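What follows is one structure encoded as structure tokens, with my remarks underneath.
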């Protein structure tokens, strides 16, 4: 009985060790090839989905441009150091979302948050804003 218990402990503990990754899993992030083009693509989506006014559009465009410039500087961390990427991205995203809260109405901001793509939709341009 003691031998059987010892064997089970060894098997279960080796299984736990096998499940711990040696390094962090890279995060799949869409590349930003051209900030202006990406901003325009995002604005095309947001203008339609959120019914942005002519007064709101330049503010949102500026927020997106600043966000994408900052994000482009950390994208390489998504593969090399995912934890650092997530930490830095959180700050960048928070700044964007704070700006959007003031530039959008409450209903528009709520609708914006509802636009977050599903994890399986990795090609969606809106992923830039959430991952």
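None of the figures in this text is laboratory data; all of them are computed from the coordinates on show. Since the model is a prediction, treat every value here as computed from it, not as a measurement. Positions of Cβ are generated from backbone atoms using ideal geometry, with glycine treated the same way; all protein chains shown enter the neighbour counts.
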Label-point separation, residue 35 to residue 116 (7 Å along Cα→Cβ), nm: 2.6
Please compute the Kirkwood hydrodynamic radius over segment 73-131, one decimal place, Å, based on all pairs of different Cα atoms. 12.6
Quick one, what does Rg over Rh come out to for segment 29-129 if you take C-alpha atoms and the Kirkwood Rh? 0.95
For residue 44 paired with residue 84, estimate the spin-label separation in nm (one decimal), with each label point 7 Å from Cα along the Cα-to-Cβ line. 3.5
